[in-house]
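Notes follow once the structure below has been shown.
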Amino acid sequence: MELREELKDETTSHTVSAAASGTWLLGDLTVHRLGFGAMRLTGSAAFHQGTPSDRARSLAVLRRAVELGVNHIDTAAFYFSRLRSANELINSALAPYADDLVIATKVGPARDASGAWADPARPEQLRGQVEENLRQLGRDHLDVVNLRVMGQDDISEHFGALAELRHAGLIRHLGVSGARPEHLAQAQAIAPVVCVQNRYGIDVPDGERMLRACAQHGIAFVPFFAIAGKGREAGAVQAERAEVRAIADAHGVSPAQVRLAWILHQGAHVLAIPGTGNPAHLDANVAAGTLRLAEKELRLLDAVARPAPSGTGPGSTAPRTPA
């Protein structure tokens with residue numbers, strides 16, 4: 001009972017800080033491992049044509065995130081819904097930006113003015129997407145730009161175009177998103193890679209190879225949809241797994257916090273970027289950085305995330321990189 005009350009107090013306390021999650025270097029930029037994803041700021045259906053978010057509430061969430069020590073924000077120019085743009089909200093809420101605030105964005109996908117998805121950008125069009133992010137954020141350079149892989153087998157030409165923009169001073173560091181290990185190798189042959197953003201979580205174990213590849217290379221692994229799982233943009237719409245709920249109940253926290261804590265336990269190089277437009281959820285997400293799961297609990301969640309092949313018995317044989 002005492003542990004339950006202690007964790008509840010941490011979740012709501014103003015002393016909760018993203019700093020409790022530890023730090024990692026994105027190139028030469030120090031970030032707390034618990035960050036913030038901006039996609040859900042734009043409305044009820046993320047970057048689709050749902051109900052626009054309440055502007056004042058979204059601005060308050062961003063300012064609160066920084067108050068809680070978040071210094072790594074993930075965004076993109078294609079994160080917009082009717083009336084709302086994630087980049088514009090970030091600019092309005094946080095500019096002039098704190099010196100330690102790192103804003104990472106993505107290029108590659110394209111949407112027209114109506115919000116419909118268009119053909120992905122060609123290499124020569126990436127400069128326009130980078131400049132669009134610069135204008136919207138009100139910056140003269142971008143801290144981190146991730147190339148979102150859009151079905152290519154070879155990303156060398158696209159990544160090379162971004163490397164040229166990095167050389168020109170428009171971009172400080174580069175990463176890749178939605179990538180396979182071979183994409184990472186192609187990118188590294190052209191310019192340094194500081195992070196990989198891939199879909200990964202308890203319900204989405206197919207990011208395991210990249211998780212390990214990043215650990216081997218000392219590169220940040222940044223999972224998205226860590227809470228939503230198979231719900232993706234729609235959010236955590238599926239019934240929660242019994243194992244996750246049982247651990248959450250034992251600690252007196254939410255299942256979302258358990259999922260985030262598990263993500264952070266996958267390695268010191270793993271950065272979480274949970275997104276929300278709800279101030280209460282933001283505080284709880286940041287508090288997840290203080291949640292320490294016991295080895296028995298980690299093994300239980302590992303068995304859910306990495307089920308053994310049929311006939312080999314329960315549990316996982318995949319090693320977990322020490323946090």
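I want the local charge near Ala121. Using Cβ-Cβ distances under 15 Å, sum +1 for each Lys or Arg and -1 for each Asp or Glu among the other residues. Write out the running numbers ahead of the final one.
Details: positive: Lys106, Arg111, Arg122, Arg127, Arg148; negative: Asp112, Asp119, Glu124, Glu131, Glu132, Glu157, Glu164.
Neighbourhood net charge equals -2.
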Could you sort 22-29, 192-199, 74-81, 132-139 so that the peptide with the highest average Cβ count within 10 Å comes first and the rest follow in order?
74-81, 192-199, 132-139, 22-29
Other-chain or far-sequence residues with amide H under 5 Å of Asn198's (modelled H)
Gly178, Val222, Phe224
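Once you keep just the Cα pairs under 8 angstrom separated by 6 or more residues, what percentage relative contact order results for the range 2-305?
Values: 617 pairs, mean separation 62.4, N = 304.
For the range 2-305, the relative contact order is 21 percent.
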So what are the three principal axis dimensions of the chain from its Cα atoms, in whole Å, longest to shortest?
56, 47, 35
Compute the separation of the alpha-carbon centres of the range 179-196 and the range 52-89 and state it in Å as a whole number.
28 Å
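Can you bin the range 44-134 into rounded, prolate or oblate? Criterion: square roots of the alpha carbon gyration tensor eigenvalues sorted a ≥ b ≥ c, rounded for a/c under 1.5, prolate for a/b above b/c, oblate for the rest.
On the way: a/c = 2.61, a/b = 1.34, b/c = 1.96.
Because a/c hits 1.5 or more and a/b fails to exceed b/c, the range 44-134 counts as oblate.
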For the range 2-305, give me the percentage of DSSP beta bridges that are antiparallel, rounded to the nearest 5 percent.
30 percent
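FYI, it's all coordinate maths here, none of it is from the lab. Quick caveat: nothing in here was measured; it's all calculated off a predicted structure. Positions of Cβ are backbone-derived with ideal geometry, glycine not excepted, and every protein chain shown enters the neighbour counts.
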